[in-house]
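Undergrad: Structure incoming, see below.
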Amino acid sequence: MIFYLFAIFVVLPLVELTLLLWVSSVTDWRFSLLLVIATGAIGSYLVRRQGVRALQRVQADLRQGSLPAESLADSALIFVAGLLLITPGLITDLVGMSLLIPFCRSWYKRRAAEWIRSRFQFTSFQQGWTNTGTTTQTSQVIDSYVVEETPDRKLPDGTSPH
């Protein structure tokens, strides 16, 4: 975990800075500055537009009574794209822009699902019926509560429980 944090907070900014300085030396420093500002502005516009659409899809799924898992995943990735696009740098801008392309976003979702499945074990229980009408698995739920008895307690009809 420390390695990943080191890579994100130390190595990535150094690579971003080196790349920006290289682009400035090949072109012009004004072009590099314009490139960072333009990707931030275009990215924020696209994030806002796609974020509103994703929110509308979540609301539509909820109105239909279905689980909005796909729409929520899209919303989360669009949010990450927004974070990457406001971070100055060319690599983060490229990754952020790729998250705004639906085809690339679905690729990221598949990779994330594979990673989660490889690291976590999921089990579920489903009770079903056989052709004979009996349950394949039996379970019993017992629900109880405690009622504290007091000597002066009366039943709804006015009598004492004792």
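Undergrad: For segment 39-104 and segment 11-25, what is the centre-to-centre distance using only Cα atoms, to the nearest Å?
TA: 26
Undergrad: With 10 angstrom as the radius, rank GLU70, GLU16, GLU114 by how many other C-beta atoms surround their C-beta, starting from the fewest.
TA: Lowest to highest Cβ neighbour count: GLU114, GLU70, GLU16.
Undergrad: Follow-up question, since we're still on this one. Grab the beta carbon distance between GLN59 and LEU19, set R0 = 41 Å, and tell me the FRET efficiency rounded to 0.05.
TA: Efficiency, rounded to the nearest 0.05: 0.55.
Undergrad: Using alpha-carbon pairs under 8 Å, 6+ residues apart, how would you state the relative contact order of segment 12-119 in percent?
TA: That works out to 26 percent.
Bear in mind these aren't lab numbers, they're just calculated from the coordinates by the rules spelled out. Please read all numbers here as calculations on a predicted model, not as lab measurements. Here Cβ is always computed from backbone atoms with ideal geometry, including for glycine, and neighbour counts include all displayed protein chains.
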